[in-house]
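Structure first, commentary second.
Quick note: the coordinates plus some simple rules give every number you see, no bench work behind them. From a predicted model like this one, the values you see are computed outputs, not experimental measurements. Here the Cβ is made from the backbone with ideal geometry for all residues, glycine too, and neighbour counts use every protein chain on show.
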């Protein structure tokens with residue numbers, strides 16, 4: 001099966017709920033359909049959903065995360081914190097625990113936390129959190145200790161003993177409260193899957209959300225060894241089809257049930273436009289980014305660690321970068337665009353700005369940008385700060 005790149009991009013945009021007709025009213029299903037939302041940056045999940053769901057407000061995600069608890073935050077693929085549906089958490093946990101937990105153990109030991117100290121302190125933390133949530137600062141006060149408990153709390157999260165709850169300072173904060181996992185998600189068994197089962201499910205879910213994709217894309221996104229990824233794909237061969245994409249090199253893989261809708265994919269009546277936050281799933285889903293980004297603009301979108309900044313998409317391709325600070329929205333476009341597209345981008349920037357700042361914002365187009373690899377760490381969070 002041969003498809004052209006534009007056709008593939010339109011198909012993936014629909015699967016990712018990034019076209020107007022595929023925007024959803026169901027937050028949990030949307031999160032499921034993109035295999036989770038990056039949550040290393042506190043605002044990313046909100047902005048990713050703002051681009052994918054109708055009439056989205058911040059309290060809607062907060063309600064699913066912290067009241068209904070249909071979603072939760074754990075570290076999983078590529079050692080990244082994700083927002084995942086409740087029933088997907090055991091799969092992601094089992095698939096990645098053997099990688100995530102040793103890293104946390106090593107880090108806590110590097111900071112001087114011995115095994116004996118961890119075991120004693122983790123028992124005391126579990127006792128202190130019974131029936132309530134606390135920040136690390138509040139936990140330290142309750143324990144009456146000067147010990148740096150952050151690595152202990154993180155390790156307890158990665159062991160499935162604690163869960164990240166509602167931040168104390170609102171949606172822009174990563175200062176979470178922490179709660180006992182079994183109290184937060186009563187009856188949710190983290191040991192229901194073994195690693196092999198879970199990794200196979202994760203690969204299948206990835207292809208359903210991001211395919212067509214290469215074997216390298218699968219291994220990169222999951223963080224699984226290439227040999228194991230290749231073996232899992234062989235085991236899934238009855239569910240997976242090969243796809244050739246005109247304009248791209250290599251062999252692409254897709255869930256077989258996607259074959260007919262991919263062939264039938266047609267361009268929309270008007271260009272699809274989206275403004276995505278840094279670390280959005282669409283940007284972070286692939287190792288090979290030429291499918292949506294010209295190589296000459298790579299350093300304007302990704303930093304030295306491969307983290308994506310906030311981007312402007314037109315028909316699935318990155319055409320620029322955006323940044324919003326208080327009442328000013330900045331946009332930097334890689335090439336000249338048609339007047340009607342530029343006007344739609346300005347309107348979209350105003351919409352995103354109102355969502356972030358709760359008020360009217362002005363829009364300014366920048367004529368230059370410092371490439372992200374030339375910036376200090378964290379430049380992806382404010383890509384047009386110096387423009």
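Numbers at a glance
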quantity	calculated
Kirkwood Rh in Å, taken over the range 293-381 so that all alpha-carbon pairs contribute	13.5
Cβ-based exposure ranking for 366, 76, 157, in which fewest neighbours within 10 Å come first	366, 157, 76
Mean-position separation - Cα centroids, the range 316-387 and the range 7-23, in angstrom	22
Within the chain, helix-based [θ] at 222 nm, where runs of 4 or more DSSP H residues each add -39,500 (n - 2.57), nearest 500	-11500 deg cm²/dmol
Computed label-point distance, nm, for sites residue 67 and residue 260 using a 7 Å Cα→Cβ extension	4.0
In Å, descending, principal axis extents of the Cα set of the range 275-336	35, 26, 20
Pair residue 40, residue 146: separation of 7 Å Cα→Cβ label points (nm)	3.4
For the range 107-161: rounded, prolate or oblate by the Cα gyration tensor [a/c cutoff 1.5]	prolate
Separation in nanometres of the label points that stand 7 Å from Cα toward Cβ, at residue 137 and residue 4	5.7
Estimated FRET transfer efficiency (residue 386, residue 299; beta-carbon r; R0 22 Å; 0.05)	0.90
